[in-house]
Every structure is written in C-alpha cells, then in structure tokens.
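In what follows, a single structure is set out as structure tokens and then discussed.
The values are calculated or read from the model by the stated rules, or taken from the named source; none is laboratory data. All values derive from a computational prediction rather than experimental measurement. Glycine gets a Cβ as well: all are built from the backbone with ideal geometry, and neighbour counts include every protein chain shown.
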Amino acid sequence: MRTFKLTIAYDGTAYAGWQVQPKRDTVQSAMEKAVASITGQTARVTASGRTDAGVHALGQVVSFSVETDLEPDVLLRAINAETPDDVAVIDAAEVPAGFHPIRDAVSKRYRYVIRDGAVPDVFDRQYCWHYRHGRLDDKAMARAAEGLLGKHDFSSFETSGAPRESSVRTVYDIVIRRGDSQQGRAVSQQGRAVSQQGRAGEGDRIVLEIEADGFLYNMVRAIVGTLVEVGRGAQSEAWPAEVLARTDRRAAGPTAPPQGLFLLEVDYPGP
C-alpha cells in the first residue's frame, strides 16, 4: 500500500462543497471516482479542510492510499484525465504511510476577494463578493484587522455546526490590499481580461489574505463580514478586537458570501 499527497485546484462553483454528500456533486466524490477509475480500488481521499459550497481552492492538499505501481507524475496525469475540467491536480508526491493532510498541517492561508465598484464584472461574479453599497475604506479595514493577529479564542467568528475541542487559533498574518495584481490567480482568466479592458478596474478589487495555524467553521468569511462593517463606516476600527473579546458569534458582522473565498496553500513541516 502506497500513500500519495496531491495538491489540487478547483473551481467550487458547481459543487456542494468538498465532502461527499448523497445525490450531490462534490469535489471529494469527483476525486474518489477518478482514483477508482485509474486504480480499480475504492480509496477515501482526505483533504486538509472541507471547503463549503461555492468556495474555491488554488492549493488544497489531499491524500489517499492504494496498491499501485504508478509513479506520482504518471498518477497526476492519469487523474487529470479523469476529473472534470474544474478540478485539476497540480502536484503529486509519494509520502510516508502516516501522513495526514489535516493533522500534519502547520498553517493554512486563505484569500478573500471583494469588488466594490459601481459596475459589476459579469465574468468575475463567481469569484468575488460584489459589494454594491459604495466604496469600502480598505485602509481602515487593514488597521482594524491588526487586532485579530495572534493567539485568541475565535468563537466570535465561528459558525455553529462543526464543533471543535477548542476555538483557540493563532493568526500569523492578515494582509488587505486594493488593486494588487498579485491576486490575479484568484479570478478567472475571463475576469482578468475584462479588467484589462477597463470595464472593471483593478482598483475595484480588495483582496484579504489570512494565514493561521487552523481555522474554525466559516471563520474567514465571518472575519471578512466583520471587517466590511468597518470598511463601510458602520463600526470603528477598534470594533473587531472588541468582537473577538466577546467570544460570541452574535457580536460579529455577517458571514461573507462563499464565492469570494479561496484556499491558497497549506504548509507542512520540512524534511
């Protein structure tokens, strides 16, 4: 039995999330069908995190174990030939049998994309939150986010439904920027082309990236929704830190829509 670690990217628009669900298309079911088709074996494909319906990934990490003589590079090409066009393996490696994509991860990084321009980008609608209520103050949002750095109980930013032993997490980094071309990976090629034509400028896009040792259910989307309250002037820059101290989800802002969220990368200990 050999264990493989894959890094995959997917457009979550057509899926009911990562996890297998009866009579619904999910990314996990697509991956497991591909592995079964290639190896003739039923294997559980485990991911580093269960993304929700409509959420995307640029660097999701998964693993599975099968009996096969295929080398990782051959397996990568074979799986890509069997998966739908909106799911792709971008890296494959053989790892020790004890590898676990959740337990062994040391950090994850997510990206959230907001557009606050008056004119929506129709090609980008599945890859951002189009905020239609006026320009957001991204600099105020960035200053407010500083109060969320460090080790805290993030219960205020956790949606019920996925109980954990602890709600304490350590946020290593939060970056908020407007119109930075580095975030281009997070939108469709069509969306970038439209932006280059001037229909929806780079300045209409706010990108938030957050890295932590782990995330609670809907934690990133709740943080984004809370920071948007600051950006639109409804709350002070000190408010997110006050919400954090309350450890009460009812104290925070709304949960941001799923389509603006991307799992960027998952880090593991070095060799």
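Overview of values
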item	result
Criterion (closer than 30 Å to ARG177 by Cα and touching a residue at least 12 places away in the same chain (Cβ under 8 Å)) met by exactly one of ALA93, ALA88, ALA97	ALA88
Residue count, the stretch 156-177 (criterion: buried (at least 19 other Cβ atoms within 10 Å of the Cβ) and either modelled with pLDDT under 95 or outside any strand (DSSP E or B) (or both))	3
Selection within the stretch 57-70 - over 25 Å from ASP267 (Cβ atoms) and either in a strand (DSSP E or B) or free of Cβ contacts under 8 Å to residues at least 40 places away in the same chain (or both)	VAL66, ASP69, LEU70
Single unsatisfied condition, ILE206 versus (1) more than 16 Å from ALA144 (Cβ to Cβ); (2) of a type in the set (Val, Ile, Thr); (3) part of a strand (DSSP E or B)	(1)
Any hit, the stretch 92-101, residues being of a type in the set (Phe, Trp, Tyr), more than 15 Å from the chain's Cα centre (by Cα) and not in a loop (DSSP other than H, G, I, E, B)	no
Hits in the stretch 16-56 - residues which are surrounded by 22 or more Cβ atoms within 10 Å (Cβ to Cβ), part of a loop (DSSP other than H, G, I, E, B) and touching a residue at least 60 places away in the same chain (Cβ under 8 Å)	SER48, THR51, VAL55
Output for the stretch 243-264, where each listed residue is of a type outside the set (Val, Ile, Thr) and in contact with a strand residue (DSSP E or B) (Cβ under 6 Å, 6 or more places away or on another chain)	LEU244, ALA256, PRO257, GLY260, LEU261, PHE262, LEU263, LEU264
Every pair of residues 6+ apart whose Cβ atoms lie under 9 Å, when the first sits in the stretch 139-150 and is in contact (Cβ under 8 Å) with a residue 40 or more places away in the chain while the second is of a type in the set (Phe, Trp, Tyr)	ALA144/TRP239; GLY147/TRP239; LEU148/PHE154; LEU148/PHE157
